[in-house]
């Protein structure tokens, strides 16, 4: 049985993953901004087998609260084994292009708040010399595209930060897992036309659990996105810049 902190616990992928954790009888600590949704999810997870479910309402852009959050979580569950970071937004690229304030807000939510939280998590697990840090990044961070380079910038920075943590925490026996989903059918992407490359949140959740158990370091979900991004990464820049992606 593990003690698991889930940040952004009301997101669709986080809910699907939490349900799998609950079915294994784990202790859960859920953090999100919406107290009503947290209460509903908490009740659901208890009925699915969670040993305990604790909740906290917090806007993760309030980085001054991150260190205290880790302490409160450890006190509530008498320990901490796994942190899953799943909070974020999908910005409107065209709006951000016209406003640095909007761009900064999105970067704060999707990047800076995560880096702040990971700093506190890394220090805790480094001291404990054990644990797992799993963060949902995105394939969008592998290469900048005109259609979503604000989001891609945030996710790319998170992925590089995770690389550094992985290097730093290797000798401390801490798993640092970067999760890179492709297209996922969630409320955040409801306006997008769907096709064969789109995955359900439950599929992503199963991949996350599997990657944690297998001590993976980087995982593309579904698996075929690793090869799609390999091709995209190797398109020469003089060609790539002309593509409407």
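The values are calculated or read from the model by the stated rules, or taken from the named source; none is laboratory data. The structure displayed is predicted, hence computed values, not measured ones. All Cβ positions, even for glycine, are placed from backbone atoms using ideal geometry, and neighbour counts span all protein chains on display.
Quick notes on this structure:
- The criterion of at least 2 residues that are crowded, with 20+ Cβ neighbours inside 10 Å is met, among helices (runs of 4 or more DSSP H) falling completely within segment 146-242, by 149-169, 201-213.
- Conditions (1) surrounded by fewer than 19 Cβ atoms within 10 Å (Cβ to Cβ); (2) at positive phi: number failed by residue 131: (1)
- Check on residue 98, over 22 Å from residue 168 (Cβ atoms) and free of Cβ contacts under 8 Å to residues at least 60 places away in the same chain: yes
- All of 11, 42 fail the test of being in contact with a strand residue (DSSP E or B) (Cβ under 9 Å, 6 or more places away or on another chain) and within 18 Å of residue 211 (Cβ to Cβ), apart from 11.
- Within segment 94-115, the set of residues being over 28 Å from residue 132 (Cβ atoms) and touching a helix residue (DSSP H, G or I) at 6+ places or on another chain (Cβ under 6 Å) comprises 95, 96, 102, 103.
- Where residue 208 falls short, out of the listed (1) touching a residue at least 60 places away in the same chain (Cβ under 8 Å); (2) over 18 Å from the mean Cα position of the chain (by Cα); (3) farther than 27 Å from residue 94 by Cα: (2)
- Residue that is in contact with a helix residue (DSSP H, G or I) (Cβ under 6 Å, 6 or more places away or on another chain) and modelled with pLDDT of 95 or more, where the choices are 136, 82, 150: 150
- Of all residues in segment 184-201, those satisfying the criterion of being under 18 Å from residue 86 (Cβ atoms) and in contact with a strand residue (DSSP E or B) (Cβ under 8 Å, 6 or more places away or on another chain) are 184, 185, 199, 200, 201.
- Among the residues of segment 56-80, those identified as over 17 Å from residue 119 (Cβ atoms) and surrounded by fewer than 18 Cβ atoms within 10 Å (Cβ to Cβ) are 57, 59, 75, 76, 78, 79.
- Every pair of residues 6+ apart whose Cβ atoms lie under 7 Å, when the first sits in segment 37-59 and is closer than 19 Å to residue 2 by Cβ while the second is surrounded by fewer than 15 Cβ atoms within 10 Å (Cβ to Cβ) and at pLDDT below 95: 51/1
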